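K.L.:
If you scroll down you'll find the structure; I have some questions about it.
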Amino acid sequence: MPEGDTVRRSAGRLHQALAGRELTRAELRWPNLGAVQLAGRTVTEVLAYGKHILTRLAPATTDAPDGDVALTLHSHLRMDGSWRVAATGPSSWPHPNRPGVRAALANAEWTAVGMTLGMLDLVATAEESTLVGHLGPDILADDFADPASPWGITEAVRRLTTDPATAIGAALLDQRNLAGIGTFYMSEALFSKGISPWTPIGDVSDPVAVVDRARRMLATNVVRATPSTTGDLRNGQRQYVHARSGQPCRRCGIPVRVAMIEVHRRSPGQTAGIERTAFYCPRCQVGPTPTDDGRAQAPLGTSGGRGGSYRKG
Ligand SMILES: [Zn+2]
């Protein structure tokens with residue numbers, strides 16, 4: 001699943017291709033948005049917030065209904081969505097029957113196509129907070145690491161530690177605490193700090209250091225297409241534990257394990273959480289592992305082991 005680094009890179013590419021240019025053609029292949037007319041509007045900017053992409057559009061120059069309002073097209077890549085950018089040409093516009101196309105935005109130079117997006121919304125820019133206002137500070141924001149920033153690491157750690165009994169892995173995945181970390185960077189940052197994902201966050205001596213490690217890992221990967229937390233870009237060598245269940249830990253050699261971690265929802269009336277995967281080394285990472293049944297796990301992609309049923313996500 002794309003995490004904050006991938007999303008920020010996608011937003012940067014869209015910004016370069018679209019910002020400051022008028023859309024010559026636009027189509028949203030999404031329920032209730034199919035009739036929306038965006039051609040003629042100029043894209044003012046494209047930015048990332050956590051795992052969300054906001055494409056801002058200036059008011060229309062025509063006198064279309066609601067044309068005097070600046071709009072924001074909000075997209076989320078969810079499991080396997082992407083935005084692809086190509087030079088505008090005879091074959092750059094996606095065929096009406098092409099599967100997976102959710103949005104297409106073209107100007108004279110570039111055409112951006114959103115594939116298998118997990119969310120697509122169009123709101124007045126003044127109402128963006130209805131889409132992203134629930135999120136905590138963006139871990140990749142320029143001033144995030146500044147402890148004096150009112151919307152940075154200090155606020156993120158305050159939110160993370162509000163309930164000291166919450167497992168640190170679940171707290172890091174909850175976008176309401178801080179935005180941008182998914183299962184990949186959660187597992188990798190906690191391995192790097194030697195902390196079990198199920199450790200109650202109240203028992204973690206230095207949560208600031210954990211968040212800072214995750215931020216550095218994400219920031220390093222914003223600028224490269226192949227994420228790596230080990231510094232090694234070779235296939236199969238790019239991460240310490242994520243998606244490596246059943247394979248030897250790079251530090252101590254015992255098999256890496258995977259178990260589910262429950263991220264709680266705080267919305268009223270919702271008690272069930274969302275189960276996410278947490279990969280870890282039982283020797284290098286100190287702390288509880290309550291949801292691990294202890295059975296042998298084969299490497300991902302091989303048959304016969306429970307670990308094989310987990311996909312990267
Ligand atoms: Zn280990």
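The values are calculated or read from the model by the stated rules, or taken from the named source; none is laboratory data. None of the values given here were measured: they were computed from a predicted structure. Here the Cβ positions follow ideal geometry from the backbone for every residue, glycine too, while neighbour counts run over all protein chains shown.
K.L.:
Residues of the stretch 58-87 being of a type in the set (S, T, N, Q) and over 28 Å from the mean Cα position of the chain (by Cα), which ones?
P.N.:
Once the filter is applied, which keeps residues that are of a type in the set (S, T, N, Q) and over 28 Å from the mean Cα position of the chain (by Cα), the stretch 58-87 yields Thr61, Thr62.
K.L.:
Cβ-Cβ distance below 7 Å, separation of 6 or more or different chains: which pairs start in the stretch 238-258 with a residue that is within 23 Å of Arg224 (Cα to Cα) and end on one that is within 7 Å of the ligand (Cβ to nearest atom) and part of a loop (DSSP other than H, G, I, E, B)?
P.N.:
As it stands, the answer is Val241/Cys281, since those pairs meet every condition given.
K.L.:
Still on this model: Just a yes or no: is a residue in the stretch 219-231 within 16 Å of the ligand (Cβ to nearest atom) and at negative phi?
P.N.:
yes
K.L.:
Among the candidates Ala243, Ala272, Ala219, Ala278, single out the residue that is in a helix (DSSP H, G or I), small (Gly, Ala, Ser) and under 24 Å from the mean Cα position of the chain (by Cα). Quick ask: steps written out before the conclusion?
P.N.:
Values: Ala243 fails: in a helix (DSSP H, G or I); Ala272 fails: in a helix (DSSP H, G or I); Ala278 fails: in a helix (DSSP H, G or I).
Matching residue, one of Ala243, Ala272, Ala219, Ala278: Ala219.
K.L.:
Determine if the stretch 222-234 includes at least one residue that is out of contact with any strand residue (DSSP E or B) (no Cβ under 6 Å at 6 or more places or on another chain), outside any loop (DSSP other than H, G, I, E, B), crowded, with 24+ Cβ neighbours inside 10 Å and modelled with pLDDT of 95 or more. Let's see the steps before the verdict.
P.N.:
Of all residues in the stretch 222-234, those out of contact with any strand residue (DSSP E or B) (no Cβ under 6 Å at 6 or more places or on another chain) come to 222-234.
Subsequent filtering for residues that are outside any loop (DSSP other than H, G, I, E, B) retains 222.
With the extra rule that they be crowded, with 24+ Cβ neighbours inside 10 Å, the set shrinks to none.
So far as the stretch 222-234 goes, no, none of its residues is out of contact with any strand residue (DSSP E or B) (no Cβ under 6 Å at 6 or more places or on another chain), outside any loop (DSSP other than H, G, I, E, B), crowded, with 24+ Cβ neighbours inside 10 Å and modelled with pLDDT of 95 or more.
K.L.:
I've got another one for you. For the stretch 190-216, how many residues are crowded, with 23+ Cβ neighbours inside 10 Å, part of a helix (DSSP H, G or I) and within 16 Å of the ligand (Cβ to nearest atom)?
P.N.:
Going through the stretch 190-216 one residue at a time, the tally reaches 2.
K.L.:
Name the single residue, out of those in the stretch 245-276 being farther than 18 Å from Thr291 by Cα and at pLDDT 95 or above, that is surrounded by the most Cβ atoms within 10 Å (Cβ to Cβ).
P.N.:
So, considering only residues that are farther than 18 Å from Thr291 by Cα and at pLDDT 95 or above, the one surrounded by the most Cβ atoms within 10 Å (Cβ to Cβ) is Cys249.
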